[in-house]
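Please read the structure below before turning to the comments.
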Amino acid sequence: MRDGILVINAGSSSIKFSLYLSNSDGKPMLSSKGQVEGIDVAPHFIAQGPDGTVLSEQRWPGDSDLHHEDLLKHLIDWVEDHLDGAELRAAGHRVVHGGPKYSTPVLVDDALLAELESFIPLAPLHQPHNLAPIKALAKVHPGLMQVACFDTSFHRTNPAVAQTFALPRGLTEEGVRRYGFHGLSYEFIARRLREIAPERAAGKVVVCHLGSGASMCAIKDGQSVSSTMGFTALDGLPMGTRTGTMDAGVVLYLLQQKGMTPKEIETLLYKRSGLLGVSGISNDMRVLLESSDPHAAEAVDLFVYRISRELGSLSAAMGGLDALVFTAGIGERSVPVREKVCQAAAWLGVDLDTAANAKNGPVISTAASKVPVFVIPTDEEMMIAKHTRSVLGKLSQAAE
Ligand code: ADP
């Protein structure tokens, strides 16, 4: 019988899902996707086919007192009715934090869940929302195997020097260190690059994941050696609403001189900064690029400047650069951002092909470019489906 794998990516106000059914070769293929959004306000369920055709939609009034579990039950009932003869074998979850320990996806049991809860202080804004559907699913579908796939795992190959802050050792040992995020996206891209350009993928590659959350990763022979995000997903590049790297002294200033509370500082750093904070207009790159306001241009310039600086830094960490890859919302679609970044990277041997860039690639550098530049769409959900399938495969091998 064909396998069905449900992928769940849960955030603070929405649960996104993708259903993968195996084809005749056993490969997972996207069958449907959708989300429940507005969970605590007025829930809205939508399911779509791979091409975006709406298959089902339901809205509940704001005062309907529905819990997480009720909504997940609705989702799983819909999924079970749309398996097309396949058997639902497992759910794979995106979990932001696997701590210093988990370098691969793992099967969820009570002990693991307790351990993942102990990482909540490391990612208080994301981890609880990632764990909620795991717990709810265990109640509404107790027999279903669940696999946790971590955003931090791919970076566990980073050398100690790339994972350590210059803090007293005790804090490092306690877990105050650089973890890195967006790992499922980077892993997907590393595998895809190996298919498209194997000789480059065997070398030194920098991937720019530029979405509303943005980071960059240095990948050497398929393994992460350094990335721009650190202890939290606040580090590195300025993002839609997050600061990116900032002198820690600013936080002291806000606390001591401005009398701000930790909660106010958290909101400032995560929700009111980045492209939105600098432009005063929007966190959306499309809006900024279309605006004639000089503050919008300043925000775009700062974004490009930080990417260019990090490109130098990550290349230094690897001792060179053999390929550059753009991915995620801005990376896959923004012609002007890629153009500015590539122009600033001329010193590294990047030569942009403007016509190819205008068509969004897949290769946007000239034949003469020392460093080829690729645009590769990322697919974190597919990566989770593949990981979940391989955890199941290992389990059935062990049982034989
Ligand atoms: P997330 O990090 O939420 O998964 P995405 O990878 O989908 O985000 O990226 C979303 C961002 O991509 C939007 O905030 C928007 O700024 C940007 N974006 C999408 N399309 C374009 C485009 N054509 N040009 C510039 N930016 C774009």
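Here are the numbers:
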read-out	value
Residues of region 200-229 that turn out to be touching an Asp or Glu at 6+ places or on another chain (Cβ under 7 Å) and surrounded by fewer than 21 Cβ atoms within 10 Å (Cβ to Cβ), as a count	4
Failed criterion for Arg338 (all others in (1) assigned to a helix (DSSP H, G or I); (2) within 21 Å of the chain's Cα centre (by Cα); (3) more than 30 Å from Ser31 (Cβ to Cβ); (4) more than 16 Å from the ligand (Cβ to nearest atom) hold)	(4)
Qualifying residues in region 278-318 (those that are β-branched (Val, Ile, Thr) and surrounded by 16 or more Cβ atoms within 10 Å (Cβ to Cβ)) - the one farthest from the chain's Cα centre (by Cα)	Val278
Residue ID - farthest from the ligand (Cβ to nearest atom), chosen from residues in region 341-363 that are among the polar types (S, T, N, Q) and touching a residue at least 12 places away in the same chain (Cβ under 8 Å)	Thr354
Region 65-106, residues that are part of a strand (DSSP E or B) and acidic (Asp, Glu)	Glu87
Breaking point among (1) assigned to a helix (DSSP H, G or I); (2) within 16 Å of the ligand (Cβ to nearest atom); (3) farther than 18 Å from Asp235 by Cα, for Ile281	(1)
Which listed residue, of Ser22, Ser64, is in contact with a Lys or Arg (Cβ under 6 Å, 6 or more places away or on another chain) and of a type outside the set (Asp, Glu)	Ser22
Residue within region 364-385 that is more than 16 Å from the ligand (Cβ to nearest atom), part of a helix (DSSP H, G or I) and buried (at least 18 other Cβ atoms within 10 Å of the Cβ) present	yes
Condition check for Leu324: within 30 Å of His126 (Cβ to Cβ) and assigned to a helix (DSSP H, G or I)	no
From Ala197, Ala248, residue being buried (at least 19 other Cβ atoms within 10 Å of the Cβ), away from the ligand (no atom under 14 Å from the Cβ) and more than 21 Å from the chain's Cα centre (by Cα)	Ala197
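To keep it simple, each residue is scored yes or no on (1) surrounded by 15 or more Cβ atoms within 10 Å (Cβ to Cβ); (2) without any contact (Cβ under 8 Å) to a residue 60 or more places away in the chain.
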residue	(1), (2)
Phe17	yes, no
Ser24	no, yes
Ser31	yes, yes
Gln35	yes, yes
Pro43	yes, yes
Ile46	yes, yes
Gly49	no, yes
Gly52	no, yes
Ser56	no, yes
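Computed from the coordinates by the stated procedures, all read-outs in this text should not be read as laboratory data. What you see is a predicted model; the values in this text were computed from it and never measured. Note: ideal-geometry Cβ built from the backbone for every residue, glycine included; neighbour counts use all protein chains shown.
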